[in-house]
1. So what is the relative contact order for the range A:2-87, in percent, with contacts set as C-alpha pairs under 8 Å and at least six apart?
2. Which angle from 0 to 90°, rounded to the nearest 10, does the C-alpha axis of helix B:21-40 make with the longest principal axis of chain B?
3. Explain nothing, just compute: Karplus ³J(HN,Hα) = 6.51 cos²θ - 1.76 cosθ + 1.60, θ = phi - 60°, for every residue of the range A:12-29 in order, whole Hz, x for Gly and Pro.
4. Let me check I have the definition right: for the range B:64-124, take the eigenvalues of the Cα gyration tensor, multiply each by 5, take square roots. What are those semi-axes in whole Å, largest first?
5. Please average, across the residues of A:45-51, the number of beta carbons from any other chain that are within 10 Å of each residue's own beta carbon, and give a whole number.
6. To the nearest 10 degrees, how steeply does helix B:190-220 sit against the main Cα axis of chain B, on a 0 to 90 scale?
7. Checking the cross-link filter: which aspartates and glutamates have an alpha carbon closer than 14 Å to that of B:LYS135, excluding same-chain neighbours under 8 positions apart?
8. What whole-number volume per residue, in cubic angstrom, does the convex hull of the C-alpha atoms of the protein assembly as shown give?
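What follows draws every value from the coordinates through simple rules; no lab data is involved. Bear in mind that the values here come from a model prediction, so they are computed numbers and not experimental data. Methodologically, a virtual Cβ is constructed for each residue, glycine included, from the backbone with ideal geometry; neighbour enumeration extends over all protein chains shown.
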Amino acid sequence: MEFFAWCMMAAGLGMGLGSIGTGIGQGLAIKAACEGVARNPGASGKIMTTMMIGLAMIESLAIYVFVVAMIILFANPFTDHVLALLAH
Amino acid sequence: MIHPFLFLQWIEEQLHLHIGEHVTYTWLVMAILIVVSFLATKSISMIPSGAQNFLEVVVTGIDGLIEETMGKEGKAYFPLIATIALFILVCNLIGLVPGFYPPTANLNTNAAMALAVFGITHVVGFRKHGIGYLKHFMGPIIWLAPLMFVIEIIGHMARPLSLTLRLFGNMYGHEIVLMIFLALVPLFLPIPMMLMGVLIALIQSFVFTLLAMIYIAGALEEAH
């Protein structure tokens, strides 16, 4: 049973740690984009597009962590093995 | 973790068929797109009205986006890009309707699209540059080429992976968040999340299309 408790811990902690970096990165990107638009409102369209691509790139880091967390929680490859060990 | 009730799934159970829900809903989205475009273009007039007007706005918007991102050369790839954009957008938005399942919340649908983009990128590159396309992978300095080649290959392999996982993670994550909120407080609380779902659907289809365009444009341009 301890195995599953650690699985929950790993998924939750991993998601949290992954979000920290992503949050900081996206914050920096949006800060720079806002400054750019404030200085030159005419370029807002181009800045918006670039920022969107950048945000999507940064965001995919958190998404990878999310996918790994989902694999740990719902599609853990070791579950059957651990259950078989628990049975006897 | 799927919707509590999917009507196509229910019909399948009545018919004793075993097709994945993402496949049936992909067919549904395809049918929607085909029927809408057929109805809109049935009676084309110089002064557009109704459905034709709406579709013209959409097509012009995508056309402008391609022109802006890929330049004049990108016109040739309009069918591919526009199909991907519309398909993903409709797939994403359909998930917000109760009883529907977004096909993009499944790895297989996204992997199919990302692999198509991956394939077309390199086919386009080889058709445009011939064997000189390999220079794209060589980097600027010739004696660094063996190292750069490995790195570039890994980078190119990571593209379909990241395209797939980004779309899948966003849509699937949104589904799961909605399910959890529905289980906690069924009344009113999911509504802000669904509003965010509209935003995610739009942004993710935009990002997928934009990245596909950038990859194809990268294969088209001369090696640095």
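1. Numbers: 42 pairs, mean separation 40.5, N = 86.
Answer for the range A:2-87 is 47 percent.
2. 90 degrees
3. Computed from phi, the couplings for the range A:12-29 are x, 5, x, 4, x, 5, x, 6, 4, x, 4, x, 4, x, 5, x, 4, 4 Hz.
4. On the way: eigenvalues 136, 46, 8 Å².
After scaling each eigenvalue by five and taking roots: 26, 15, 6 Å.
5. 1
6. Helix B:190-220 and the main axis of chain B meet at about 20 degrees.
7. Output for B:LYS135: B:GLU152, B:GLU221, B:GLU222.
8. Numbers: hull volume 69.3 nm³, N = 312.
That works out to 222 Å³ per residue.
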